[in-house]
Amino acid sequence: MSRPDRSQPLAVKHWSFAGLMLTYRCNARCRCCYVNSGPESTGQMSVEQALTIWQGLHAASPHGCRIHIGGGEPFLCFETLIELARRALEAKLGPLQAVETNAFWATDEGIIRERLAALDQAGMGRLNISCDPFHQEFIPIANVRRLSAIAGEMLGAERVRVRWRDWQEHGSDLIGLEESARLAVIDEYLSRRRERLNGRAANELAGRLGLQSASAFADQPCGESLLRSRHAHVDAFGLLCPGTCAGIALGHVEQVGDVARAWQNLRENWREMPIVGTLAESGPWALALLAAKVGYVAKEKGYAGKCHLCWDVRKWLCNAGQWPEQLAPAGVYALQGTHNATYPPPSSY
């Protein structure tokens, strides 16, 4: 991959596709969750709020914006989800590219067919199903296989995406296994290096990988992922976040008025934003050096990657009360008592 040309200004690209995080709440509390979702998580969009943001995302970009709906687990608030999809279709707000789910609800064929038919009629393009050992600590893999098969029949195979298909085909449940047995499966799976080391994943998984000193990640700027990926998320608090970097607020839609103004503010002011500007221009090592001025100390054991380093620095800064307008929402960083696979089974939700 070619290195960015530092002599040229780093332009902020318009968002081409965006996720509406309908809720942070989830029936599970997966080790891999980079937004720290769980049964106790707060923040849920209303239909009116989501429609306004959807319209704003579409209008703010000269080429429109494809929307997907996720969370958390959006099927925990299915009535809101389906009403939003129907009203967006009626208002011709642009395509609903995808809806994401962990399949916790897919216990009955009749319910599956009813919900998929409703979403199909409401304009859903694709169904995305999460499937990996982390989700299968909570969700029976039979639910995923059942939902995938019926969705493939009803929607067509090209409109069903399972992340990941190899685990759907060859994986198994971790429900009921002892922790040592779970971790043996997880360690083998981690060798594939698929996970984003952010949020709970950074806290619980990064230490199980090879570690390097913080300085090993010097001169690795994040401008492409933060400012130029064309991908953003908006949550129930109106926060605009990068597509894959949870806990970084690029702007606040409701504070500035609309999505277009939030994008404009980002384009004009990102260099003056200590978190975003430092990461975009110089990367997590530079952010660690900035944080060291207010007391941050790098881990002696090191980090599994630049995202792990970034997360550790940002978590420390958030807990120290630094730059709360950019290190948000605070709930993403509230990781005390994180993983617990002893919640009631999904059918009880």
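Each reported figure results from applying straightforward, stated rules to the coordinates on display, with no laboratory input. Note that the structure is a prediction, hence the values are computed from the model and not measured. In this analysis, Cβ positions are derived from the backbone assuming ideal geometry, glycine residues included, and neighbour counts consider all displayed protein chains.
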message = Out of the residues in the stretch 231-258 meeting the condition of being out of contact with any Gly (no Cβ under 7 Å at 6 or more places or on another chain) and under 15 Å from Ala50 (Cβ atoms), tell me which one is surrounded by the most Cβ atoms within 10 Å (Cβ to Cβ).
response = Val234
Matching residues, the stretch 120-132, being surrounded by fewer than 23 Cβ atoms within 10 Å (Cβ to Cβ) and more than 16 Å from the chain's Cα centre (by Cα) = Asp120, Gln121, Ala122, Gly123, Gly125, Arg126
request  = Tally the residues that are of a type in the set (A, V, I, L, M) and within 17 Å of Gln255 (Cβ to Cβ), restricting the search to the stretch 43-61.
outcome  = 4
query = In the stretch 29-56, how many are closer than 17 Å to Val234 by Cα and in a strand (DSSP E or B)?
reply = 1
ask   = If we keep just the residues of the stretch 65-81 that are crowded, with 19+ Cβ neighbours inside 10 Å and of a type in the set (Val, Ile, Thr), which is farthest from Asn27 (Cα to Cα)?
value = Ile67
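Looking at Val297, Val259, Val313, which one is farther than 16 Å from Ala232 by Cα and under 22 Å from the mean Cα position of the chain (by Cα)?
Val313
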inquiry  = Residues that are touching a residue at least 60 places away in the same chain (Cβ under 8 Å), at least 2 per element: which helices (runs of 4 or more DSSP H) completely within the stretch 133-225 meet that?
reply    = 179-190, 199-204
note = Residues in the stretch 44-64 that are buried (at least 18 other Cβ atoms within 10 Å of the Cβ) and either within 18 Å of the chain's Cα centre (by Cα) or free of Cβ contacts under 8 Å to residues at least 24 places away in the same chain (or both) total 6
